[in-house]
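Some notes on the structure that comes next.
The values are calculated or read from the model by the stated rules, or taken from the named source; none is laboratory data. What you see is a predicted model; the values in this text were computed from it and never measured. Note that each Cβ is placed from the backbone with ideal geometry, even for glycine, and that neighbours are counted across all protein chains shown.
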Amino acid sequence: MTFSKQHRSLFIGLLLVLELLVACAVLYLVLQAFVQPVIVTQRNERDEIFMLAAYGLAFKEWDGDYGQQKPLRGSNVAAVLVQDDKIVAYGLNREFEKRQLLYHAEMDLVLTYLDKLSHTQKNVATLEAATVYVTLEPCLMCFSTLRTLGVERIIYGERDMAHGSIKALQGSYMIHRPELIPAPTPFVNQLNVGFSHASTVQGMSLRKWLHRQAVKDIYQSAYCSLLVYKLRYTENNDALKNAQNFLQETPGTMPTCK
Ligand SMILES: [Zn+2]
């Protein structure tokens, strides 16, 4: 009897230790996701660099508090187009400025760039082998436009559960389409968690959220992290310099980095 009780206590003790270890492992993984970018490959690192440039652009071109400043340009969403490790075009959401709801950041980028190309080349302009980095998950309109133009990859930041294309494309028949890849940087998690809280607790819309100071602060942190970026892959040196120079040359507010 005593022997059996001892075994039972030992068994329960082992179970508790096991549960504690599992809980620690889960906590560790969650913390890792929040504090460290998921940089595994050279391409991951390059993707993080150009996404940080997109955040930096959104910070420099920040459009004030929702409803407080008129006319507003549009939501604080930015996109950059990368070919051969160089940012060759960029766009910002200009829905209010243009008074057209079609002017998402990706559309602004595409329309501006194609217009420029049509003046410099004879053939029909495409964006084959290009990558677009956009701070908000693209909607179906933007996704389809980028697909039509031959964009190879789309790296996106914050999720847009209401209008984003990821859920809409699940089970899609489309075979040849751009890859939709979450940006490997911890700033995305900060934005997702922040908006999840704001929408749950305050019922805030994504449009209003993207004009909040909290978002601007995260964009600024992303910009600052690009300025002091430590490369793991020296092959990305040109990409890093290009991204830093791009922000240097773009008009707008410079960040205050600690
Ligand atoms: Zn869109």
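Points to keep in mind about this one:
- Being among the aliphatic types (A, V, I, L, M) and in a strand (DSSP E or B) holds for only one residue in Val151, Val188, Val134, and it is Val134.
- Selection status of Lys230, part of a loop (DSSP other than H, G, I, E, B) and away from the ligand (no atom under 16 Å from the Cβ): yes
- Which numbered condition Gly150 misses (of (1) in contact with a Phe, Trp or Tyr (Cβ under 8 Å, 6 or more places away or on another chain); (2) under 18 Å from Lys86 (Cα atoms)): (1)
One line per residue, one yes/no per condition, for (1) surrounded by fewer than 15 Cβ atoms within 10 Å (Cβ to Cβ); (2) modelled with pLDDT of 95 or more; (3) among the polar types (S, T, N, Q):
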| site | (1), (2), (3) |
| --- | --- |
| Leu146 | no, yes, no |
| His176 | yes, no, no |
| Val188 | no, yes, no |
| Asn236 | no, yes, yes |
| Leu240 | no, yes, no |
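- Single unsatisfied condition, Met174 versus (1) touching a Phe, Trp or Tyr at 6+ places or on another chain (Cβ under 7 Å); (2) over 18 Å from Leu57 (Cβ atoms); (3) away from the ligand (no atom under 14 Å from the Cβ): (1)
- Lone unmet requirement of (1) part of a helix (DSSP H, G or I); (2) within 16 Å of the ligand (Cβ to nearest atom); (3) among the hydroxyl-bearing types (Ser, Thr, Tyr) for Tyr90: (1)
- Residues in the range 98-124 that are closer than 21 Å to Asn76 by Cβ, more than 12 Å from the ligand (Cβ to nearest atom) and not in a loop (DSSP other than H, G, I, E, B): Lys98, Leu111, Thr112, Tyr113.
- Yes/no for Ala243 being touching an Asp or Glu at 6+ places or on another chain (Cβ under 8 Å), outside any loop (DSSP other than H, G, I, E, B), among the aliphatic types (A, V, I, L, M) and touching a residue at least 60 places away in the same chain (Cβ under 8 Å): no
- Check on Ala214, closer than 23 Å to Asn93 by Cβ, buried (at least 18 other Cβ atoms within 10 Å of the Cβ) and not polar (S, T, N, Q): no
- Residue satisfying condition, being away from the ligand (no atom under 16 Å from the Cβ) and in contact (Cβ under 8 Å) with a residue 60 or more places away in the chain, within set Thr200, Thr185: Thr185
- Residue-level check: of (1) part of a helix (DSSP H, G or I); (2) within 22 Å of Ala243 (Cα to Cα); (3) acidic (Asp, Glu); (4) more than 16 Å from the ligand (Cβ to nearest atom), Glu128 misses just (1).
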